[in-house]
Amino acid sequence: MNKVYEHQKYEKEIYKNWEESGAFQPKGDGKPFTIIMPPPNANGELHLGHATFVAVSDALIRYHRMKGSPALWLPGVDHAGILTQVTFEKKLQKEGKSRHDLGREEFSKQCYAFCLENKHLMEDQMRALGSSCDWSREKFTLDPEISRLVLETFVKMHKDGLVYRGYRIVNWCVRCRSTLSDLETEEKDQTDKLYFLDYGSVTIATTRPETIFADVAIAVNPKDKKYKALIGKTAVVPLVNREIPIIGDAAVEMGFGTGALKVTPGHDVTDYEIGERHELPTLTVIDFDGKIMGGVPEEIKAMKVAAAREKTIEMLGGKLIKTEELVHSVKTCERCGTIIEPLISRQWFVKTKELAAPAIKAVREGKVKIIPQKYEKMYFNWMENIRDWPISRQIWWGHQLPAWYRKEDKKRESPTVSIESPGEGWVQDPDTFDTWFSSGQWPTNTLKTSGERDFERFYPTSVMNTAYEILFLWVARMIMFGLYLTGKVPFEIALINGVLRDEKGVKMSKSKGNGVNPNEAIAKYGADAVRMALVAGRDNGNDLLISKQQMEERIRGYRNFANKIWNASRFVAQSEVKSQKSNVKAETKNELNKIIKSVSAHIEKMQLGMAAEFIYDKFWHWYCDEIIEKAKKGEVAKEELKHGLEIFLKLLHPFMPFVTEAVWQELGLPGQLILQPWPVTV
């Protein structure tokens, strides 16, 4: 063995040997241990968040493989809907083109090629991290056989009365020109002006004077004593001089502004709900391009919202009583950052309450365990207050809805839902599914298409490992779809990871420049060091606040640990003695038994951070500092020393697979370490 462990010399060759030998494929007939990979978006490189789920999932898979379970880690990639379309459109923009220049068919063709290119790049990155997934079963959310199952689910839901098409207020992104669910938006603090306007009998406060042309009522809280006498009377909308009723509704915040709210159901979610409760009409004055339209003064027609706001204030004259600065939260598109316009739009919706009920029951009864348990409360709170889910998106990239209309039906009033076209004279709905509609079916659809008996053998799966950010976007929807489509939960455990944040609490990302690039770190320090840095000592579901410099130091520290393993093994290798368990002292056996029990118990409880930290500490401070030092003095038998090393290599393998496999081969031990049995107590 060389004096220094050179990860560059070993990692690629070791991975190649693992893959070519079929080590990643499930073997045996016992109870399987299965993980379906959360599919990374096929539009860029892996980041530290991806590297975290790889390190955690791979540790679990390697452990259960060594325990003798048929272990399957099924990999895949997500087409990612709006996010990929936005990313690819930016690429086209640099070339001086737009999607409209290409047309839908060519745009989709080029976008598919773009995704496949990124898919191969990500596969290489996951191999570099040591992902022991079964590449022969890899899936893409737009694979033809998966696409067909996605469409069949929609047809089934339509037949079962779980989807409908109707007009409702939605989150509209004027940049992406598509509706978004609440979970595809982000709240951001912004400083705006609060305008106090004279409505005759009452003064209201609003941040959106440009929508007064769509006002249909003034609402006050029935408990507000200063307005109680006004309920049932009227106010007058300035500029249009329209008389509107004053109503009482508990949704009005008495402490905000004047306590009187102008109700504009066509342009605000709360107002829309008030309007439904009081059977108010709905007026619209902003179109899907974010421009003013409809029954408004000519001076502001076709203006963008921001400009129309300024012009409206100018036109109000004496009706503007005063302005104040206001720091408030605004909803933005998660993908492009554009401020959301709440607009009335006809979309396809899922009746999620009917799907949520059995999914709530499954978690309450322990059929799905959410780890850490604190996230169960969040899950229940969201699921019990769930709204109908808008699943249609006005984009080109993704699964196109299997809804058909007769050509002469210009308003698309009478859709026919079918996988295939009903025949000549029919046109397909141009909308695509929300990407979470297809990824919500991921565990069922991957296994139904990956092998002849895979679904029967591996479903329900064992663990779904992902970040808490998509607990509702994805985890909850997988549980709903799994139960609806199969009658069984899709996984037994939802293992939630925390997020890596810098010292200011900002999520680490390549675009922000505040995080370590995992690819560069692997090249510099080795995959084992990166994996340990992302797992050791971390609690499930809790964020790790660490600066970029500290993160690199942490990775460097675990590179030093890899060298420690190598150097200790090199010392043992020089002994040139085969292990003989009979020559191992009782106290050493007892300590090794305790270590095996502790590491195994931590992993079984999904406490991987504790397991990794514990084995790190025991190897460095007990095995190296005590046992090896005693061996140097002739106080420990060489057989005892080598037996201890073999145990530690097995215990460390799920966390640091490359250096442990390299040592195993260098020592001339039988077979591949990846396929060795997990150590047992003696």
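The values are calculated or read from the model by the stated rules, or taken from the named source; none is laboratory data. Given the structure is predicted, the values throughout are model-derived calculations rather than measurements. Glycine gets a Cβ as well: all are built from the backbone with ideal geometry, and neighbour counts include every protein chain shown.
Collect the residues in the stretch 127-165 that are part of a helix (DSSP H, G or I) and basic (Lys, Arg), keeping them in residue-number order. 127, 137, 148, 156, 159, listed by residue number. Looking only at residues of the stretch 588-609 that are in contact (Cβ under 8 Å) with a residue 40 or more places away in the chain and farther than 27 Å from residue 637 by Cα, we find that the one that is surrounded by the fewest Cβ atoms within 10 Å (Cβ to Cβ) is 607. Taking the stretch 55-82 on its own, how many of its residues are modelled with pLDDT under 95, outside any loop (DSSP other than H, G, I, E, B) and aliphatic (A, V, I, L, M)? Result for the stretch 55-82: 2.
One line per residue, one yes/no per condition, for (1) under 30 Å from residue 680 (Cβ atoms); (2) hydrophobic (A, V, I, L, M, F, W, C); (3) without any contact (Cβ under 8 Å) to a residue 12 or more places away in the chain:
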{"position": "68", "(1), (2), (3)": "yes, no, no"}
{"position": "93", "(1), (2), (3)": "no, no, yes"}
{"position": "108", "(1), (2), (3)": "no, no, no"}
{"position": "115", "(1), (2), (3)": "no, yes, no"}
{"position": "127", "(1), (2), (3)": "no, no, no"}
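For the stretch 96-103, indicate whether the set of residues that are buried (at least 18 other Cβ atoms within 10 Å of the Cβ) and assigned to a loop (DSSP other than H, G, I, E, B) is non-empty. Checking the stretch 96-103: not a single residue is buried (at least 18 other Cβ atoms within 10 Å of the Cβ) and assigned to a loop (DSSP other than H, G, I, E, B). The requirement of being surrounded by 14 or more Cβ atoms within 10 Å (Cβ to Cβ), of a type in the set (Lys, Arg) and within 45 Å of the chain's Cα centre (by Cα) is fulfilled nowhere in the stretch 222-244; no residue meets it.
In the stretch 359-378, the count of residues that are of a type outside the set (Phe, Trp, Tyr), surrounded by 16 or more Cβ atoms within 10 Å (Cβ to Cβ) and in contact with a Lys or Arg (Cβ under 7 Å, 6 or more places away or on another chain) is zero.
Taking residue 449, is it under 20 Å from residue 38 (Cα atoms), among the hydroxyl-bearing types (Ser, Thr, Tyr) and not in a helix (DSSP H, G or I)?
No; evaluated as a whole, the condition is false for this residue.
Being under 21 Å from residue 63 (Cα atoms) and not assigned by TED's automatic domain parsing to the domain that holds residue 60, is that true of even one residue in the stretch 636-643? I'd like the intermediate steps shown before the answer.
Filtering the stretch 636-643 for residues under 21 Å from residue 63 (Cα atoms) gives 643.
This time we only want the ones that are not assigned by TED's automatic domain parsing to the domain that holds residue 60, so: 643.
Yes.
Restricting attention to the stretch 244-259, the residues that are of a type in the set (A, V, I, L, M, F, W, C) and closer than 20 Å to residue 309 by Cβ total 1.
With respect to the conditions (1) touching an Asp or Glu at 6+ places or on another chain (Cβ under 9 Å); (2) surrounded by 20 or more Cβ atoms within 10 Å (Cβ to Cβ), residue 80 lacks only one, and its number is (1). With the structure loaded, tell me whether residue 639 is over 26 Å from residue 71 (Cα atoms) and either in contact with a Gly (Cβ under 8 Å, 6 or more places away or on another chain) or part of a helix (DSSP H, G or I) (or both) or whether it fails that test. So residue 639 passes the test.
When restricted to residues that are part of a strand (DSSP E or B) and either touching a Cys at 6+ places or on another chain (Cβ under 6 Å) or farther than 30 Å from residue 415 by Cα (or both), the stretch 300-349 contains 16. When residue 30 is evaluated against the numbered criteria (1) of a type in the set (Gly, Ala, Ser); (2) at pLDDT 95 or above; (3) exposed (fewer than 14 other Cβ atoms within 10 Å of the Cβ), which criterion, by number, is the only one it fails? All conditions pass for residue 30, except number (2). Selection of the stretch 25-41 for residues being more than 30 Å from residue 437 (Cβ to Cβ) and touching a residue at least 40 places away in the same chain (Cβ under 8 Å) yields 25, 27, 28, 29, 30.
For the stretch 449-497, taking the residues that are small (Gly, Ala, Ser) and at pLDDT below 90, the one that is farthest from residue 518 (Cα to Cα) is identified as 451.
Of all residues in the stretch 183-216, those satisfying the criterion of being within 30 Å of residue 85 (Cα to Cα) and surrounded by 15 or more Cβ atoms within 10 Å (Cβ to Cβ) are 183, 184, 185. Scanning the stretch 666-682 for residues that are assigned to a helix (DSSP H, G or I) and either touching a residue at least 60 places away in the same chain (Cβ under 8 Å) or of a type in the set (Gly, Ala, Ser) (or both) gives 666, 674, 675. For the stretch 208-243, the set of residues classified as farther than 22 Å from residue 311 by Cβ and assigned to a strand (DSSP E or B) consists of 217, 218, 219, 220, 234, 235, 243, listed by residue number.
Given the options 270, 211, name the one that is β-branched (Val, Ile, Thr) and modelled with pLDDT of 95 or more.
Every option except 211 fails the conditions.
Scanning the stretch 397-408 for residues that are without any contact (Cβ under 8 Å) to a residue 40 or more places away in the chain and surrounded by 14 or more Cβ atoms within 10 Å (Cβ to Cβ) turns up 400, 404, 405, 406. No other residue among 682, 663, 584 is modelled with pLDDT of 95 or more and not charged (D, E, K, R) apart from 663.
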